[in-house]
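> A single structure is presented below for examination.
The values are calculated or read from the model by the stated rules, or taken from the named source; none is laboratory data. Computed from a predicted structure; not experimentally measured. Methodologically, a virtual Cβ is constructed for each residue, glycine included, from the backbone with ideal geometry; neighbour enumeration extends over all protein chains shown.
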Amino acid sequence: MDTVFTYDRYVTGKSFVGRRSELEQLSDLLSSSSNVVIYEPPKTGKTSLLRETFLGLKASGENFRTVDVSLMNVRTVEAFAFKLASAIIGIYTTTPEEVEEMCRKYLKTDDLSKADLRAVLAMPYRVAEDLREKLYVCVFEFQNILLTEDPDRTLQIFEEIVRKAPRGRCSWVWIGSMVNAMKDIFEQRRYFYKMVERVRLEPVSVKEIEGHVTRGFLVSGKVIEKDLIREVCAKLRSNIYYVNHFAAICDGLSRGYITQPVVEESMLSLIAMHEPRFMAVMNGLTNFQVFLLRAILDGETKFSSSEVIARYGLNSSANVGRLKDALEKKEIVSFLPGGGAVILDPLFEYWVRKDFFGME
């Protein structure tokens, strides 16, 4: 069933809000056969941006095919190779007999699990040349390659294949929702250096969200004041997923004019749906990690200074380093190069500030 405020799947067309500069950038990069990486926290619109871009490229007359590969449940190199090869072969067929035939053609083996990793990673280039069409290979949850038994070897081979491949017919789009893990691959370890362009997703502007929410409510004959929309945007840092989820709840609780009490009740309902997850996050933290999280919420930036260590009971500068690593590995916080930090989930930040620490 179509809904005015969509939050349970990716959106395109009229439901796609803002991000025109990101659309233009991604479209230009793909049209020029560049490899692209997109890493942002979960539910920030990565897939919607990708799908909307592909629709735009199709509308402009570009001839291409796309392949989606999800590494969400991948924990071994063998599983990664099987997933990628199966997705590429799926361009041609899905029947077992034809899969076997394609395996022999491209991998020189009947058994995908024993296929050489180099042959698998080179498959998209060979298939694109065979089809004489552009091929975009979209690898979702790419950071999970770090969970395999020898990630550096796999990434080194992957990088070697991409470096040597002719540019033109095939492009990779690596997408990840674990920001710090993706930063580890592309910024700390610097794989695919100068072979990939990053597309960053900026928050959708408050003005665009105002228009989107106002139009959405008008469909069902309802009215909401812009001040209330701005209030919600401030609490949710203009995260379009949470805004749509909130608006869908609000739509169900109201009949005409949307009042402040309806907005407050909708926010409570939104938090209630996510609170078990937030509580699990906090229950998984040590006391020291909780103390550092409080320092972040208080706006501290010099976490290793003797003053901050003493004020928050962080023990020592060496301990602060370990705490920062722990919070990053748990994908709760991303620390900034110039100091300071950002809590990745805006609703979690609102909840932990208001309900856990009682700061508001």
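> Just give me the residues in region 56-83 being of a type in the set (A, V, I, L, M) and closer than 12 Å to F140 by Cβ, in sequence order.
Within region 56-83, the first condition is being of a type in the set (A, V, I, L, M), and the residues that meet it are 57, 59, 67, 69, 71-72, 74, 77, 79, 81.
If the condition is that a residue be of a type in the set (A, V, I, L, M) and closer than 12 Å to F140 by Cβ, then V67, V69, L71, M72, V74 are the ones that fit.
> Would you check which residues across region 38-70 are among the polar types (S, T, N, Q), touching a helix residue (DSSP H, G or I) at 6+ places or on another chain (Cβ under 7 Å) and more than 13 Å from Y10 (Cα to Cα) and list them?
T66
> Suppose we keep only residues that are touching a residue at least 24 places away in the same chain (Cβ under 8 Å) and surrounded by fewer than 15 Cβ atoms within 10 Å (Cβ to Cβ) within region 232-272. Which one would you say is nearest to S177 (Cα to Cα)? Walk me through it before giving the result.
Initial filter on region 232-272 (touching a residue at least 24 places away in the same chain (Cβ under 8 Å)): 232-233, 235-248, 250-251, 254-258, 260, 263, 267, 270-271.
Keeping just the survivors that are surrounded by fewer than 15 Cβ atoms within 10 Å (Cβ to Cβ) gives 255-257, 260.
On the way: R255: 37, G256: 37, Y257: 37, Q260: 34 Å.
Across region 232-272, the extreme among qualifying residues is Q260.
> Quickly run through region 250-289 and pick out the residues that are farther than 15 Å from L347 by Cα, assigned to a helix (DSSP H, G or I) and under 25 Å from the mean Cα position of the chain (by Cα).
N283, Q289
> Could you list, in sequence order, the residues of region 300-312 that are farther than 16 Å from S334 by Cβ and not aromatic (F, W, Y)?
Result: K302, S304, S305, S306, E307, V308, I309, A310, R311.
> If I filter region 305-315 down to residues being outside any helix (DSSP H, G or I) and at pLDDT 95 or above, which single residue comes out as surrounded by the fewest Cβ atoms within 10 Å (Cβ to Cβ)?
Ranking the candidates gives G313 first.
> For residues in region 5-35 being in a loop (DSSP other than H, G, I, E, B) and touching a Phe, Trp or Tyr at 6+ places or on another chain (Cβ under 8 Å), which is nearest to V213 (Cα to Cα)?
Applying the filter and picking the extreme gives Y7.
> Given S31, S70, which one is under 30 Å from D116 (Cβ atoms) and either basic (K, R) or in contact (Cβ under 8 Å) with a residue 24 or more places away in the chain (or both)?
Going through S31, S70 in turn, the sole match is S70.
> For region 323-343, check the following and say yes or no: at least one residue is assigned to a loop (DSSP other than H, G, I, E, B) and more than 26 Å from the chain's Cα centre (by Cα).
No, there is no match, as no residue in region 323-343 is assigned to a loop (DSSP other than H, G, I, E, B) and more than 26 Å from the chain's Cα centre (by Cα).
> Pairs, please: C-beta under 7 Å, at least 6 apart or cross-chain, first residue more than 16 Å from L135 (Cα to Cα) and in region 149-176, second in a loop (DSSP other than H, G, I, E, B)?
E149/T76; T154/T148; L155/Y191; E159/Y191; E159/F192; R163/M195; G176/E141
> Only one of these is touching a strand residue (DSSP E or B) at 6+ places or on another chain (Cβ under 6 Å) and either in the same structural domain as I175 (by TED's automatic domain parsing) or of a type outside the set (D, E) (or both): V120, V77, V99, V69. Name it.
V69
> Something else now. Can you confirm whether region 37-52 contains a residue that is under 25 Å from A181 (Cα atoms), in contact with a Leu (Cβ under 6 Å, 6 or more places away or on another chain), in contact (Cβ under 8 Å) with a residue 40 or more places away in the chain and of a type in the set (V, I, T)?
Within region 37-52, one or more residues are under 25 Å from A181 (Cα atoms), in contact with a Leu (Cβ under 6 Å, 6 or more places away or on another chain), in contact (Cβ under 8 Å) with a residue 40 or more places away in the chain and of a type in the set (V, I, T).
> From the list L57, L23, L30, which residue is among the hydrophobic types (A, V, I, L, M, F, W, C) and out of contact with any strand residue (DSSP E or B) (no Cβ under 8 Å at 6 or more places or on another chain)?
Working: L57 fails: out of contact with any strand residue (DSSP E or B) (no Cβ under 8 Å at 6 or more places or on another chain); L30 fails: out of contact with any strand residue (DSSP E or B) (no Cβ under 8 Å at 6 or more places or on another chain).
Of L57, L23, L30, the one residue that is among the hydrophobic types (A, V, I, L, M, F, W, C) and out of contact with any strand residue (DSSP E or B) (no Cβ under 8 Å at 6 or more places or on another chain) is L23.
> While we're on this one: Name every residue in region 345-356 that is surrounded by 21 or more Cβ atoms within 10 Å (Cβ to Cβ) and in contact with an Asp or Glu (Cβ under 8 Å, 6 or more places away or on another chain), in order of residue number.
W351
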